[in-house]
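Colleague: Starting off with a structure, shown below.
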Amino acid sequence: MSSATARARRLLSLSSVVRDAQAEMRAVIANTAVLRIAMDTRAPLVEVNSTAMQRVLLKLVLNASQAIRHPDGVIEIGVATVIGPDGHSRPFVRLTVADNGIGMDGATLGNLRQQIAEPAGSHGAGVGLRIVHRTVCAHGGRLQIDSQPGNGTTVRIDLPAASQQSGACG
């Protein structure tokens, strides 16, 4: 991430990022799916570049809408507070984008994860998710993708609450 992008970071709610991107998300999905949004309005603040996070959200929503091939498609967006498994570590804020599209089998998902990890100059399938991954890592977060054929795909982005300083990518 460029130093200008890093300087553009500020404390804000991920819910506000989702709220500010609603019109664009609805335009991206058009008539392919219903958009459902559930946000924890009391989730901690995160230190992020709002524009970069909106781009991440829009890329994920676009991917989800392209995976839906039936008339009753649903894309769910969620923002929630998640406490570490030990109950004592600082919380993080989870942004979830889930769809009921075609999903991916284990081999396809494995290939996608490998493509995401490729160097920045690589082209081809997965380049949008590679950008998402780099942006999430630059914000000290983690990206997790789960999918099953016929059951859709769920992408989870965990960002540290504002008081947490350490990143998860390495």
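Colleague: Go through L62, L14, L95 for me and flag whichever is farther than 18 Å from G152 by Cα and of a type outside the set (V, I, T).
Modeller: Sole residue among the options that is farther than 18 Å from G152 by Cα and of a type outside the set (V, I, T): L14.
Colleague: Among the residues of the stretch 36-66, how many are in a strand (DSSP E or B) and either among the basic types (K, R) or farther than 15 Å from V17 by Cβ (or both)?
Modeller: 1
Colleague: When you look at V48, is it more than 26 Å from N151 (Cβ to Cβ) and of a type in the set (V, I, T), yes or no?
Modeller: yes
Colleague: Let me ask something else. Restricting attention to the stretch 15-33, which residues are farther than 21 Å from I145 by Cα and touching a Gly at 6+ places or on another chain (Cβ under 8 Å)?
Modeller: T32
Colleague: Tell me, which residue of the stretch 5-45 that is more than 14 Å from the chain's Cα centre (by Cα) and of a type in the set (V, I, T) is surrounded by the most Cβ atoms within 10 Å (Cβ to Cβ)?
Modeller: Looking at the filtered set, the residue picked out is V28.
Colleague: Oh, and also: Among V48, V18, V34, which is the only one that is touching a residue at least 60 places away in the same chain (Cβ under 8 Å), farther than 15 Å from P160 by Cα and out of contact with any Phe, Trp or Tyr (no Cβ under 8 Å at 6 or more places or on another chain)?
Modeller: V18
A short reminder: the numbers here are calculations on the coordinates, not readings from a lab. For clarity, every value in this text was computed on a predicted model and none was experimentally measured. Neighbour counts are summed over all protein chains in view; Cβ atoms, including those assigned to glycine, are modelled from backbone coordinates with ideal geometry.
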